[in-house]
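Some notes on the structure that comes next.
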Amino acid sequence: MKRLLLIPLLLAACGTTTTIDGLKTYSYEGGDHQEGRIAYKETHPVGGPHNAQWQNCGVYTQDLYPEYAVHSLEHGAVWVTYRPDIQQSEVLALQEALNGRTHTLLSPRRDQTASIVMTAWNAQLDLERASDPRVSAFIQKYEQAGTAPEAGASCSGAYRETQ
């Protein structure tokens, strides 16, 4: 009788780490719920204290209150904002890039200098065009990523108002 020798095979993932040019990272912990307006260290907050309710994910035509949007970031959402004066074709391209995604927010933001700002919990990227390949790279890397303290938590059924 022949003996079959089984040699365990170890399959290693490619282990590629996506590096996104221009990415800024931060270090905030989650779970700090506060009522009322919050003074954030960054003009466009990337984490920290936030309202106990999260902003429902989706597309908005008015500025969002950051206190609710930051809670969505904690749930693994990506918040894409644009200056209200960018071309409508850019806004439509952003909508297309986010179409069908469950944990994204899209809204204008009056007080930003970059045309487009992509924000996730502890990560942010400034862009000038919706056609920039870093739009999809950022979404792929951060939507529902393990970098968010409560990734997988709901992004619906809560706050839906705008400023």
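The values are calculated or read from the model by the stated rules, or taken from the named source; none is laboratory data. Predicted model, so just to flag it, every value in this text is computed and none were measured. Virtual Cβ from ideal backbone geometry, glycine too; neighbours counted across all protein chains shown.
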Would you pick out the residues in the stretch 109-131 that are buried (at least 19 other Cβ atoms within 10 Å of the Cβ), of a type outside the set (S, T, N, Q) and either within 21 Å of Asp85 (Cα to Cα) or touching a strand residue (DSSP E or B) at 6+ places or on another chain (Cβ under 9 Å) (or both)?
Arg109, Ile116, Val117, Met118, Ala120, Ala123, Leu125, Leu127, Ala130
State which residue is nearest to Gln88 (Cα to Cα) when the search covers only the stretch 33-62 and only residues that are small (Gly, Ala, Ser) and crowded, with 17+ Cβ neighbours inside 10 Å.
Gly47
Among all residue pairs at least 6 apart or on different chains, which show Cβ distances below 6 Å where the first residue, located in the stretch 20-38, is under 22 Å from Arg134 (Cβ atoms) and the second is aliphatic (A, V, I, L, M) and outside any loop (DSSP other than H, G, I, E, B)?
Ile20/Ala137; Gly22/Leu125; Leu23/Leu125; Thr25/Ala123
Output yes when any residue across the stretch 132-144 is of a type outside the set (Val, Ile, Thr), at pLDDT below 95 and touching a His at 6+ places or on another chain (Cβ under 8 Å), and no when none is.
no
Search result, residues across the stretch 60-86 that are touching a Leu at 6+ places or on another chain (Cβ under 7 Å) and farther than 15 Å from Thr119 by Cα
Tyr60
Matching residues in the stretch 64-93 - criterion: being buried (at least 24 other Cβ atoms within 10 Å of the Cβ), of a type in the set (S, T, N, Q) and either free of Cβ contacts under 8 Å to residues at least 24 places away in the same chain or not in a helix (DSSP H, G or I) (or both)
Thr81
Could you please give the count of residues in the stretch 50-77 that are hydrophobic (A, V, I, L, M, F, W, C) and in contact with a Cys (Cβ under 9 Å, 6 or more places away or on another chain)?
3
